[in-house]
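Below you'll find the structure, written out as structure tokens, and then a few comments.
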Amino acid sequence: MNTTKWVLIWGGILLFVGVGAAIRYPLSPFRNAPENPADSGQQAADSERQTSGGVVCSGYVDLEHGIRLLAPLRPGRVAAVLAKEDQHVEAGTPLLRLEDHEAKLQLQAAESAVTTAEAQLEEALRLAEQQRARLAQQQAALRAAGFRLDAARQVLQRKENQLKNNVVTTEEVIAARAEVKALEQQECAEREKLAELKTIDPTLAVRKAKAQLRLAQSQRDQARYQLEECILKAPTAGTVQHISVGVGDIVTGFSPIGGERPVVRFAPDEPLLIRAEVDQEFVDRIRVGQTALIRDDTHSGASWRGKVQHIAGWYEQRRATALDPSAFTDVRTVECLISVDPGQPPLRLGQRMRVMIGHVPSLGGER
């Protein structure tokens, strides 16, 4: 009975001590202490610079307008990959080619339509010449009818005079009058034909034929452009970073079917810079033209110097990064572009960097 009593007493004491230690541990000043002494020294130096007026922020190596994400404008199956990753190319260099059989057929059909439209325009121009000739012929026919009518009227008047002297018979006068009426009707018919021909405007047919020709030429140019788009070319001189498709893959618009990656990632020959994020509380400490010290975010190796090139005029949330849980908090930042001085060690696109703006120490022998 006594043994059981002492076991319960000691058990209660141990439980009390354990609970006390568990409550005290989160409040310990050593809870968040870094394991690496070098990291501790770096964090202390960064904290000192923040306090003394400098700004420490993180960023990554980028281009001013970012990486170019290239893809053919028309869908199709990849027929050939014409460039390699990490290959430097000049502007206009073919990078990959799609199957172009259908595009060639469309271009042939469009060229045939242009040929037909040209023939129709030539025919319309000839109709205009024919219309002018028909008008001249009809005008001559109308004048001839008028001459015949004048002659018939003179004959009728002479016979009416002769009838008074009993030189001709009444039947002859009646026949002459009938002839005059017939010629009057003929003259009227010729005049109506002339009026009808004048209502025909051959320029309308010419304009229509020209419009059809322009439409056919536009469709031909579009078909030619679609054929040219079967070859994806480098927009400027630069380096092919990554090609996500191979021969036989089907691409449509921006990315291959079933994938989310761009067809080609392309880095143009532009100066590299650091795209950094400055917390809202330190934005008023930075100015365009300030010097900056740049280090790799994962080790304290080479260092780079640069200058603040641009400060964004708006706030935004911190860029989401799966490896950085704090990126998901509602922290407002301002994007800052840091240009890198020439003649320094090379950088890689996407490289994570730590940037110190203002109160930059001398590099000494760090390089």
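Has the range 78-87 got any residue that is at pLDDT below 95, acidic (Asp, Glu) and assigned to a helix (DSSP H, G or I)? No, the conditions are met nowhere in the range 78-87. I need the full set of residues from the range 204-232 which are at pLDDT 95 or above and among the acidic types (Asp, Glu), in order please. The one that is at pLDDT 95 or above and among the acidic types (Asp, Glu): 221.
Taken over the range 211-232, the criterion of being surrounded by fewer than 16 Cβ atoms within 10 Å (Cβ to Cβ) and among the charged types (D, E, K, R) is satisfied by 214, 221, 224, 228. Quick one: which residue in 31, 49 is basic (Lys, Arg), part of a loop (DSSP other than H, G, I, E, B) and either within 30 Å of residue 204 (Cα to Cα) or at pLDDT below 95 (or both)? Selected residue: 31, the only one of 31, 49 that is basic (Lys, Arg), part of a loop (DSSP other than H, G, I, E, B) and either within 30 Å of residue 204 (Cα to Cα) or at pLDDT below 95 (or both). Considering 108, 137, 131, the condition of being out of contact with any Gly (no Cβ under 7 Å at 6 or more places or on another chain) and touching a residue at least 40 places away in the same chain (Cβ under 8 Å) is satisfied by 131 alone.
Filtering the range 163-202 to residues that are without any contact (Cβ under 8 Å) to a residue 12 or more places away in the chain and farther than 28 Å from residue 138 by Cβ leaves 163, 164, 165, 166, 167, 168, 169, 170, 171, 174, 175. Considering the range 101-157, the residues that are modelled with pLDDT under 90 and polar (S, T, N, Q) include one that is surrounded by the most Cβ atoms within 10 Å (Cβ to Cβ), namely 138. Among the residues of the range 276-315, those that are acidic (Asp, Glu) and farther than 17 Å from residue 54 by Cα comprise 296, 297. Taking the residues in the range 220-248 that are part of a helix (DSSP H, G or I) and not small (Gly, Ala, Ser) as candidates, determine which candidate is farthest from residue 86 (Cα to Cα). Per the stated criteria, the residue is 220. Restricting 59, 66 to residues that are without any contact (Cβ under 8 Å) to a residue 40 or more places away in the chain, not basic (Lys, Arg) and not in a helix (DSSP H, G or I) narrows the list to 66. For the range 289-318, the set of residues classified as crowded, with 17+ Cβ neighbours inside 10 Å and part of a loop (DSSP other than H, G, I, E, B) consists of 290, 318, listed by residue number.
The values are calculated or read from the model by the stated rules, or taken from the named source; none is laboratory data. Values in this document were obtained by computation on a predicted structure and should not be read as measured data. Heads up, the Cβs are rebuilt from the backbone with ideal geometry, glycines too, and the neighbour counts pull from every protein chain shown.
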